[in-house]
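Following: one structure in structure tokens, then a few remarks.
The values are calculated or read from the model by the stated rules, or taken from the named source; none is laboratory data. If you're wondering where the values come from, they're calculated on a predicted model, not measured in any experiment. Here the Cβ is made from the backbone with ideal geometry for all residues, glycine too, and neighbour counts use every protein chain on show.
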Amino acid sequence: MSARRLFPYVATLIVVLFLAGVFALRPTPFIGVSADAMANSLDDASGAATVMSCEEAGEDAWRCLAAGDVAGRPRAYDVTVNGFGCWTAEPTGGVAEVGTPPTLTGCITLLDH
């Protein structure tokens, strides 16, 4: 087979692989954000904290609770999500606990769903 005859097949394969990669890395525009996906993504980014639950708090806004601080109280985060599934989480009230970053960021991937 000549290169000219192979080109449509190779081009199609490249396009399919590219779209599969986009879907795997940023599935949110296609399948949306669920509470479990948001909790899993935040859990991955938070490191030591275990995210217990997330609930929708408006359009593109979530409120998530992470397992306890030093006193055993859960930490609350206000999370905003953009259209591509990337999010920014700040502690509710704007004050970070000692030993935690003031802002967490990340993106929801296919592994979080």
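Which condition number does Glu59 fail, the rest of (1) of a type outside the set (Phe, Trp, Tyr); (2) surrounded by 11 or more Cβ atoms within 10 Å (Cβ to Cβ); (3) under 18 Å from Phe84 (Cβ atoms) being met?
For Glu59, the failing item is (2).
Consider Ala71 against the criteria (1) modelled with pLDDT under 85; (2) in contact with a strand residue (DSSP E or B) (Cβ under 8 Å, 6 or more places away or on another chain): it satisfies all of them except one. Which criterion is unmet?
Result: Ala71 passes all but (2).
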